[in-house]
Amino acid sequence: MRDWNYKAEIELFSKEEWSEELENMLQVLSDRSEERDVDLIEIAKDKIKCLFGDGAEKKTLEELKKDEKFAEVDKLLSKTKKLFSGDFSAIAKDIKPYLTSRGSGIRFWPVVKSVTIKVPKCHDFLENIILVDLPGTGDCNKIRDNLWKEKLSSCSVVWIVSDITRALSNKDAWEILKSCIHDITGGGQCERMAFICTKAEMIEIDEQEESFSEHEQQIPEDENLKTRIAILKRNVITKKEVKEKFENSEFKNKFDADENFLQVFTVSSKEFFNKKPILNQRDTEIPELLDVLRMINRSCSRSSVRDYVNKALGILYLIQSYQPDKNPDSEKMAETKNKLQKEFQENLNKALADMCSHFDYIFRKLDSCLTKGVDESIKLCLDTACDEVISPSNKSNQSYHKTLEALCKHGGSYRSRVNKVDLNECLAKHMYSCIDKDFNNFFQSVLEQMNKFSILKSDTPNPGKDTAEYYIREFIKSEEADLKEYLKEKSVKRKKEMYSSIKRVIQEALASSYDEAAKEKGKGSMIRRQTILKEAIESLKRKMFRDAKKEMLDKFADLQREIRKTLESESVKSMEHSLQKTHENTLPDVFKDIEELKRLEERLSDVIESDEDIDSDEDIDSDEDD
């Protein structure tokens, strides 16, 4: 926003974090047993070679410390952040060693937590948006995995990217979606999802020609035109098949999804930048993705403007309510304010009682769902944990030994190059299955009750425009809208904490057992590790699941109390501000300012409605094209 330079901020491991990571990798590399994990070994080799060069994976820690590159890494980690600024070419060159294994010289990506890039000249689609590129598979670092969960749960839109030739068969893409489902539904705030099929230009025309119409088959030997037709036909088929796969998936019902929840794009960045393209710009669907970003960005901007205008109007309404000509008869005005004080207080008491009564109903429903979840978990958890994580029948002991060990070292959850294994989530699945259907509805109901809350009655006779009472009521209305927006944000955050509390309680309950199991070494360690986990689950399951239920209910009760307390205290403050008998200072007449802001507010509403109509039309057009 302030200059035309690209900026990059690289967040690095601390020295302590890197020391622990390096020791773990060297331990993996020193494993000579038949049960060693080949994937872990390859990851450790890649990381050490990137930092210290070929052959470094064969060295001991003492030998690595003598390498001058070790001192270079140590010096780099003396600060937790590294900053770059410059034009595109300079930034691309500067940050390459922190992003990729390719290239010569030392490559620092193994000690990088995250890279933030700030792009200039993109105000129309990035001013209010952060694009977060999360690793799919191939990264099993605990620190980055925690960042992955934290960022994903904050995303309002999720894009899953996959090569178009493997969009349906790519197990990784669908497994990633399956493994992170709780982080983007109940434990997140995902409103929309897109499946982006890349490399749409890669196609075998012979395989597609049989689907050509008779007219298309008679097209002269224009290879480019035939290729374009084949690509566009394949794009339509792919979109249909991806949507069908999502609709029929086991996790579709976990989303509160309408027909527009999932969008599918078939894109070609190569053709978009090609100077002699086969596809036109629109065919590449890159402009369509940019339009999606512009729409979200525009919505954020207008929401911010609308909030600002509402707050400004509220202040102006309050100022205007103190104008002398609005209060010609001080005795009558005092009587009016006393009447309003009584009305507002009665309305406040009733609104709070109605809201809390509904909250109590939600609490009882949630309690019922959780009780069912506890009962099912106690009955099924051990069998489920053994079948899916502790001793799955589709895994050999030899290949799975190190995976289970890594899982125990990482507190019950481990993401490998191939997949993610999470015992805590596995144990929580029966509780989640009992609340998933209703959890988002519970919170939607909480938000609806907050929106209904008001100390103003809708059926109150209009006091007449440009009177003190009119401005007092308008001030109260503005303050309530601002307060509800604040509480909505707070509630969404609390909702995520509530949802993830089940898994967290399970992880904490089993923490000492994970540590104990991780320490098992030598012959027969796999069986001993499995026994420790099974015995811990069996002995702790009743208390563990009841504690998880109590934690979630306590968090909901805390939220309920906070909403009530905040609405009550802030409503009383608004009443005190607006119903003071006099004001100690002479305040300006802001009537013209109010009228100007109201005109802006109306224009803003018209623009937003117009945009929504355009978006709706675009959806219809795209359906017709399909």
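Quick look at the numbers
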read-out	value
Pick from the stretch 416-437, criterion open to solvent by 20 Å² or more (accessible area, probe 1.4 Å) and within 20 Å of the chain's Cα centre (by Cα), ranking: modelled with the lowest pLDDT	420
Residue check for residue 601: at pLDDT below 90 and in contact with a Leu (Cβ under 9 Å, 6 or more places away or on another chain)	yes
Some residue of the stretch 212-220 being modelled with pLDDT under 90, of a type in the set (D, E, K, R) and on the phi < 0 side of the Ramachandran plot	yes
Complete set of residues in the stretch 93-130 that are assigned to a strand (DSSP E or B) and touching a Leu at 6+ places or on another chain (Cβ under 7 Å)	112, 113, 114, 115
Hits in the stretch 457-502 - residues which are within 30 Å of residue 366 (Cβ to Cβ), open to solvent by less than 40 Å² (accessible area, probe 1.4 Å) and basic (Lys, Arg)	484, 495, 496
Close pairs (7 angstrom Cβ cut-off, 6 or more residues apart or separate chains): within 14 Å of residue 503 (Cα to Cα) in the stretch 173-187, small (Gly, Ala, Ser) and at pLDDT 75 or above anywhere	183/153; 187/153; 187/500
Among (1) closer than 28 Å to residue 458 by Cβ; (2) surrounded by 16 or more Cβ atoms within 10 Å (Cβ to Cβ), the one test that residue 279 misses	(1)
Lone unmet requirement of (1) at negative phi; (2) open to solvent by less than 70 Å² (accessible area, probe 1.4 Å) for residue 79	(2)
Options 118, 82, 93: the member that is closer than 19 Å to residue 132 by Cβ and among the charged types (D, E, K, R)	118
Filter result for the condition that a residue is in contact with a Lys or Arg (Cβ under 6 Å, 6 or more places away or on another chain) and open to solvent by 70 Å² or more (accessible area, probe 1.4 Å), over 7, 65, 58, 15	7
Residue in the stretch 348-364 that is in contact (Cβ under 8 Å) with a residue 24 or more places away in the chain, surrounded by 19 or more Cβ atoms within 10 Å (Cβ to Cβ), closer than 21 Å to residue 556 by Cα and within 32 Å of the chain's Cα centre (by Cα) present	yes
Boolean, residue 505 is under 21 Å from residue 361 (Cα atoms) and assigned to a helix (DSSP H, G or I)	no
Index of the failed condition, residue 319 passing every other in (1) over 22 Å from residue 588 (Cα atoms); (2) assigned to a helix (DSSP H, G or I); (3) open to solvent by less than 70 Å² (accessible area, probe 1.4 Å); (4) of a type outside the set (S, T, N, Q)	(1)
Neighbours by Cβ (under 9 Å, 6+ apart or cross-chain): first from the stretch 251-277, among the basic types (Lys, Arg); second assigned to a strand (DSSP E or B)	252/262
Residues that are in contact with a strand residue (DSSP E or B) (Cβ under 8 Å, 6 or more places away or on another chain), at pLDDT 85 or above and β-branched (Val, Ile, Thr), drawn from the stretch 181-206	196, 198
First in the stretch 474-491 and under 22 Å from residue 463 (Cβ atoms), second anywhere and open to solvent by less than 40 Å² (accessible area, probe 1.4 Å) and not in a helix (DSSP H, G or I), Cβ under 7 Å, 6 or more apart	475/321; 476/455; 476/456; 477/456; 480/454
Residue within the stretch 289-307 that is at pLDDT 85 or above, assigned to a loop (DSSP other than H, G, I, E, B) and out of contact with any helix residue (DSSP H, G or I) (no Cβ under 6 Å at 6 or more places or on another chain) present	no
Out of 40, 64, 26, sole residue that is of a type in the set (A, V, I, L, M, F, W, C) and at pLDDT below 85	40
Selection within the stretch 278-293 - of a type in the set (Val, Ile, Thr) and without any contact (Cβ under 8 Å) to a residue 24 or more places away in the chain	286
2 or more residues under 25 Å from residue 409 (Cα atoms): qualifying helices (runs of 4 or more DSSP H) within the stretch 1-92	15-29, 38-52, 61-65
Residue ID - surrounded by the fewest Cβ atoms within 10 Å (Cβ to Cβ), chosen from residues in the stretch 522-540 that are of a type in the set (A, V, I, L, M) and touching a residue at least 24 places away in the same chain (Cβ under 8 Å)	540
The stretch 555-574, residues that are within 15 Å of residue 314 (Cβ to Cβ) and either hydroxyl-bearing (Ser, Thr, Tyr) or at pLDDT below 95 (or both)	571, 574
Qualifying residues in the stretch 144-180 (those that are of a type in the set (Gly, Ala, Ser), over 30 Å from residue 205 (Cα atoms) and modelled with pLDDT of 75 or more) - the one most open to solvent (accessible area, probe 1.4 Å)	154
Answer from 260, 280 - the residue that is in a loop (DSSP other than H, G, I, E, B) and modelled with pLDDT of 90 or more	280
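The values are calculated or read from the model by the stated rules, or taken from the named source; none is laboratory data. Since the model is a prediction, treat every value here as computed from it, not as a measurement. Heads up, the Cβs are rebuilt from the backbone with ideal geometry, glycines too, and the neighbour counts pull from every protein chain shown. Heads up: the accessible areas ignore ligands, DNA and RNA and are worked out on the full protein's heavy atoms, side chains in. Shrake-Rupley method; radii C 1.70, N 1.55, O 1.52, S 1.80 Å.
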